[in-house]
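Contents: one structure, followed by commentary.
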Amino acid sequence: MDVAWDDLRTVLAMVRQGSLAGAGNELGLNYTTVSRRLKRAETALGQTLFERLADGYVPTETARLIAEHAAEMEQQEHALMRKVQGADTDLGGEITITAPQLLIASFLAPVLDQFNLAYPKINLHIRATNELLDLSRREADLAIRISRNPGDTLTGLRLCRQDSASFATPSWAERIKNAPQERIDWIVYESYPDVPVGCDPEYTNMRVRLRFDDMVAMIGAAQAGLGIVRMPMFLGRSTPGLVQVPVLPPQPYPDIWVVGHADVWPSGKLKVFREILVAHCRAHRDLFVA
């Protein structure tokens, strides 16, 4: 009785996700391929591994047992491949970098351009997301994160410290300067739904006008003149149509880090990427602080 590793991994993904579509997303496969692999595993074992119900696939005890051992095999596979990658000195092939979308658009794009020109044999794959990808499972090779604690299980390097402040359109800036007692409208993030703490006491007539769950939308609202917004200084300074306003004095904001798994950190490809990244951050560190 032989079951291919790809089929065992499919059983593991099905146990984790509970559906063909979910397992397909995890594995990067379409659901028909997942279904075919699942049937192949069941045929090889001579057992039904999942009950097909209207609301999803329910794993049998055998499927859970397979998933438990497959997870251990997966961890060993990831550990082996991380160590192989970390020992690689070749400046060709592929690396995956992840970073927040706004950090890429507003600051990191020149790094990507310089790296691409300097090392054309390295294919650079960018995963632009605010999600914390699992570097131990090789969802990315390096992560650039805005964080007070980028992960104590990872190897990391602080790229720069940064501050935040308040930004608005020039018309808002003029209004605030000439009539500081008039009402000031705030645009805030839903996780921090009130007027920011630490505002200058000179400005007493403030209200929250809009709450958003997305910084891109907040920036758009600020550019449209709907109010002022608190944001990292590098972002406010690089956003067209916005200027810093004194309502909220600069405050410390989480630092910017580059982190990676200790196994892959020594990789030659990752080393040369970090060199370009660090040089760019050092050259522009004044953009981040008051």
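Remark: pairs (first residue in region 44-71, without any contact (Cβ under 8 Å) to a residue 12 or more places away in the chain; second residue open to solvent by less than 70 Å² (accessible area, probe 1.4 Å) and not acidic (Asp, Glu); Cβ separation under 6 Å; 6+ apart in sequence or on different chains) = GLU51/VAL58. Only residues that are of a type in the set (Ser, Thr, Tyr), touching a Gly at 6+ places or on another chain (Cβ under 9 Å) and either more than 22 Å from ALA128 (Cα to Cα) or crowded, with 19+ Cβ neighbours inside 10 Å (or both) were counted across region 144-196, and they come to 4. Note on region 99-127: among residues that are outside any helix (DSSP H, G or I) and charged (D, E, K, R), the one that is nearest to LEU270 (Cα to Cα) is LYS121.
Applying the criterion of being over 18 Å from VAL259 (Cβ atoms) and touching a residue at least 40 places away in the same chain (Cβ under 8 Å) to the residues of region 102-114, the residue that is surrounded by the most Cβ atoms within 10 Å (Cβ to Cβ) is LEU102. Among the candidates GLY268, GLY260, the residue that is open to solvent by less than 50 Å² (accessible area, probe 1.4 Å), over 15 Å from ILE144 (Cα atoms), touching a residue at least 40 places away in the same chain (Cβ under 8 Å) and not charged (D, E, K, R) is uniquely GLY268.
Assigned to a strand (DSSP E or B), open to solvent by 30 Å² or more (accessible area, probe 1.4 Å), among the basic types (Lys, Arg) and at negative phi, is that true of ARG137? So ARG137 does not fit the description; no.
Quick check: anything in region 216-227 under 24 Å from the mean Cα position of the chain (by Cα) and over 27 Å from CYS281 (Cα atoms)? There is at least one residue in region 216-227 that is under 24 Å from the mean Cα position of the chain (by Cα) and over 27 Å from CYS281 (Cα atoms). If the condition is being modelled with pLDDT under 95 and either closer than 29 Å to GLY241 by Cβ or within 20 Å of the chain's Cα centre (by Cα) (or both), then region 85-99 contributes only GLU94.
The set of residues in region 29-39 that are open to solvent by 60 Å² or more (accessible area, probe 1.4 Å) and modelled with pLDDT of 90 or more comprises ASN30, THR32, ARG36, LYS39. When GLU42 is tested against (1) open to solvent by less than 30 Å² (accessible area, probe 1.4 Å); (2) touching a strand residue (DSSP E or B) at 6+ places or on another chain (Cβ under 7 Å); (3) among the charged types (D, E, K, R), just one condition goes unmet, and that condition is (2). A single entry from ALA4, ALA13 fulfils the requirement of being modelled with pLDDT of 90 or more and among the small types (Gly, Ala, Ser): ALA13.
Candidates are the residues of region 249-264 that are out of contact with any Lys or Arg (no Cβ under 6 Å at 6 or more places or on another chain) and part of a loop (DSSP other than H, G, I, E, B); the one that is farthest from ALA79 (Cα to Cα) is PRO249.
When you scan region 226-236, do you find a residue that is open to solvent by 40 Å² or more (accessible area, probe 1.4 Å) and in a helix (DSSP H, G or I), even just one? Taking every residue of region 226-236 in turn, none turns out to be open to solvent by 40 Å² or more (accessible area, probe 1.4 Å) and in a helix (DSSP H, G or I). Return yes or no: is ASP90 part of a helix (DSSP H, G or I) and open to solvent by 30 Å² or more (accessible area, probe 1.4 Å)? No.
The values are calculated or read from the model by the stated rules, or taken from the named source; none is laboratory data. In this text, all values refer to a predicted model and were calculated from it rather than measured experimentally. Note that we place each Cβ from the backbone using ideal geometry, even for glycine, and neighbour counts take in every protein chain shown. Heavy atoms of the whole protein, side chains included, go into the accessibility calculation; ligands, DNA and RNA do not. Shrake-Rupley method; radii C 1.70, N 1.55, O 1.52, S 1.80 Å.
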